[in-house]
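For reference, the structure is listed below as structure tokens.
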Amino acid sequence: MHLKQCEIVKEIVKNIGLLDDQKIQRALDEQFNTKERLAKIMVRLGYVTNESVGNALIPQLGILPLAIKTDHIDLKAVNVISPQLAASHRVVPFKLQAKTLFLATDDPINFLASDFFERITNLSVDMTLADQADIDKALAELYTSKQKETLHNDLSKLSENIKDVKGDDDAPVIKLVNMLIEEALKRRASDIHVEPLEHKFRIRYRIDGVLHEIQGPPKRLQGSIISRLKIMAGMDIAEKRLPQDGRIKLALENKELDLRVSTLPAIHGESVVMRILDKSSFMVGLEDMGFLPENRRDFEKLINLPNGMILVTGPTGSGKTTTLYATLSHINQKERKVITIEDPVEYQLDGINQVQVKSQINLTFASGLRSMLRQAPDIIMVGEIRDLETAEIAIQSALTGHLIFSTLHTNDAAGAITRLADMGIKPYLAASTVQGILAQRLVRTICPSCREAYQPSKEEMVILSITPGQLKDFELYRGKGCSSCNDTGFKGRMGIYELLVMNDSIRELVLENTPSTVLCKKAREFGMRTLKEDGMEKVKRGYTTIEEVLRVTQDA
């Protein structure tokens, strides 16, 4: 759309009372700096809602959706816009004629952004409205495969240029390793797994808790790439018999990146796992954790108690550390002294004293906790209770007026009491100090870009306790798969929770050394939702799927 046409659209929006010139210009200026979709910017600035602008603008423009078929799209036009830009702005280039690029979008507000597309393409831009389903399909079919093909081609070209890594020949390997890390960042991966197999050099990304294999370099480059990673992590490249740990700091895409690196000698070479530490994933508030209102209310009461012990339980990778960080950030005040002892310290929290476990110099959880008590803290966070000594010191601290937070590896909330007893903690000590136990898992959330409603099957109705009479007013949701979510149907994760709040009745059962199944049953009588029940409630609310909840609660 030319500048004159854009001015017409601005005038239309101004006349229907949605935006004035100043607000439109601010949104366009913001888009130039952030490269965000214009609709998101206007909604974020509070100027409009998606519904209001669509309902008001389409009739004024007099535009009707054009059917976009992927087999009629000009691939030369597709190559003009990058996959990331197309997905973030919801546009599909479908024709390139002379010096004019024709773009289809399902968002009427994108018509205001044609100046932006003209600026980045150096072409005239003609915007056309299309149906949402057509845009989803085109983005998935054209760009997802194109993205994978591009990565494969880039890796292949780099691989062909690498023979022996010596002196100045390091450059291609450096570029290849950086490309693998950059791609992981683009795909929102939390881990990169570099795995030497017998006849293959496998690269996998963990995205939303699930591993996805990508096209890896040839087997012959295995030694060069692993050596490069070890150098970046400050490891001894000559030592290949023992496990090593290190850290990589990089600046990619204007972002400071921190990777925790671990190597493990295996029979076909050293396996390397890089954990991408994204500070934004830890710096979330309790309101972003996925608590249902009643659970959040009860949990906030617990964490504001003056003393006692609060435990967070779940397997590795269930989000326990994130929950504890969000909790400490929520209750951290200038009037309180907060100290943590962690292994490792994932991120530094403002205003909180954090201690890193160093077992090689005998700075363990137990010894560190004992020393921390002499610092007169109000709140203590122990990364994990692993042994009787740590458990005893933590419980004594809770008895003497401190508020203690820690984690345990148990499958459910009631199992934490049994775990303490197995360690050797007397029932009366657990009953008098433990104030509450939060068990949790992480489930993948449905991708908002390809989310669709459907009627549940008979089996799903049974699982969700839905009667046939309720079915007409009930819908479930799932993701079809699109370029935004790498065709998985999921994007991002949220917690599902089981919160056991101690009361006199439950404490009496703990004193009697009652099995965890009985404790769980009693807690449910007082309103506790199990992990599976909390997950199914979030299925009903359209956040996730039944299969996803069942996947992560098999052991609960």
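The values are calculated or read from the model by the stated rules, or taken from the named source; none is laboratory data. Since this is a predicted model, take the numbers as computed values, not measurements. With ideal geometry, Cβ positions are generated from the backbone for all residues, glycine too; neighbour counts draw on all protein chains shown. Please note that ligands, DNA and RNA were not included when accessible areas were found on the heavy atoms of the full protein model with its side chains. Shrake-Rupley method; radii C 1.70, N 1.55, O 1.52, S 1.80 Å.
Summary table
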read-out	value
Accessible area per residue in Å² at 1.4 Å probe, computed on the range 385-429	39 Å²
Unit charges at the beta carbon, dipole of the range 386-517: most positive-side option, Ala439, Asn486, Phe405	Asn486
Average accessible area per residue (Å²) across the range 184-253 - probe 1.4 Å, nucleic acids and ligands excluded	50 Å²
Of Lys301/Lys426; Lys480/Lys532; Lys186/Lys230; Lys175/Lys230; Lys320/Lys358; Lys200/Lys230, those spanning more than 18 Å from alpha-carbon to alpha-carbon	Lys301/Lys426; Lys480/Lys532; Lys186/Lys230; Lys320/Lys358; Lys200/Lys230
Where only C-alpha atoms are counted, convex hull volume of the range 174-289 per residue in Å³	111 Å³
Loop-located GluC sites (Glu not before Pro) in the range 176-211 whose Cβ has at most 15 other Cβ within 10 Å (DSSP)	Glu198
Highest to lowest packing among 266-274, 411-419, 538-546, scored as the average C-beta count within 10 Å	411-419, 538-546, 266-274
Cα centre as origin, Lys/Arg/Asp/Glu Cβ charges: the range 295-364 dipole, Debye	180 debye
Fraction of the pair-distance distribution of the range 332-380 above 16 Å, Cα-Cα pairs, percent	38 percent
Cα centroid separation, the range 236-257 to the range 167-221 (Å)	14 Å
Accessible surface of the range 275-413 [probe 1.4 Å, protein heavy atoms]: carbon and sulfur percent	45 percent
Karplus (6.51, -1.76, 1.60) ³J(HN,Hα), θ = phi - 60°, over the range 475-488, in Hz, Gly and Pro reported as x	9, 9, 10, 8, x, 6, x, 8, 5, 5, 10, 6, 6, 8
Alpha-carbon radius of gyration plus Dmax, which is the widest Cα pair, for the range 437-556 in Å	17.2, 56
Selection of trypsin sites (Lys or Arg not before Pro), the range 306-339, meeting DSSP coil and at most 10 other Cβ within 10 Å	Lys334
Residues of the range 330-373: accessible area per residue with a 1.4 Å probe, Å²	55 Å²
Environment charge of Val261, counting only residues whose C-beta is closer than 12 Å and scoring Lys/Arg +1, Asp/Glu -1	+2
Net charge over other residues, Cβ less than 14 angstrom from the Cβ of Lys200 (K, R count +1; D, E count -1)	+1
With every protein chain in place, the range 445-537: carbon and sulfur % of accessible area (1.4 Å)	48 percent
